[in-house]
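Just below is one structure, and these are the notes that go with it.
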Amino acid sequence: MNFQPDGKTKRGHRFGGELTPMIDVVFLLLVFFLVSTSQAPPESELSPSLEARRVEGGRSADFQPQVVDVLLIAGRPAFQLGERTLRTQAELTELLRALPAEAGVFVRGRGDAPTSAAAAALQAAHDAGFGGVTYVPAN
C-alpha cells in the first residue's frame with residue numbers, strides 16, 4: 001500500500017467544493033432548531049385547572065370538587081365516586097349529571113387501573129358538562 005502521491009497527480013490540486021451550499025445547509029439547520037424548540041413553560045410552573053375559589057368573606061366556596069377514583073375490582077375497571085361504585089362510563093355520566101358542574105371534578109387513577117378507564121372517566125365528566133376536569137395519576 002503506497003500512500004505517497006504518485007507523479008501523475010498535480011501537487012497543488014485541492015477539493016474544489018463550493019462554500020455557498022454548506023452555508024445554506026448550516027443556516028437551514030439553525031432555522032430548524034430555532035423553530036422546533038418549545039417556548040412552553042415547565043410543567044412545574046403550570047397552574048391546575050381547578051383551584052380553590054374564595055368568596056368575599058374569605059371562606060371557601062360552597063361547592064367542593066368531586067373525586068372520581070378509577071380502579072380495578074375483580075380484574076375489571078370500575079369508577080368510584082364517594083361510596084358509589086360504578087362499572088360503566090354511561091352510569092358514571094348519569095351520576096355526574098346530577099352533581100353541580102361548577103365545582104369541577106378530579107379523576108384519580110388507582111393501582112393498576114388501565115389508562116383507557118381513566119380516559120373513559122374523563123370523557124364521562126366532559127359529557128356531564130364539567131368544564132374543570134383534572135387528571136391525577138396514580139402514585
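The values are calculated or read from the model by the stated rules, or taken from the named source; none is laboratory data. Quick caveat, the model's predicted, so the values are computed rather than measured. Please note: Cβ atoms are built from the backbone with ideal geometry, for glycine as well, and neighbour counts cover all protein chains shown. Accessible surface is based on the protein model in full, side chains and every heavy atom, while ligands, DNA and RNA are left aside. Shrake-Rupley method; radii C 1.70, N 1.55, O 1.52, S 1.80 Å.
Below are the figures for this structure:
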| item | result |
| --- | --- |
| Potential extension, Glu83-Met22 segment - 0.36 nm per residue separation minus Cα distance | 15.2 nm |
| Paramagnetic reach from Glu91 in the stretch 107-127 [backbone N under 15 Å; point 7 Å along Cα→Cβ] | 121 |
| FRET E, pair Arg76, Thr115, Förster distance 22 Å, beta-carbon r, rounded to 0.05 | 0.90 |
| Probe 1.4 Å - accessible area at Leu29, Å² to nearest ten | 90 |
| Extension gain from Glu45 to Gln123, taking 0.36 nm per residue of separation minus the Cα-Cα distance | 25.5 nm |
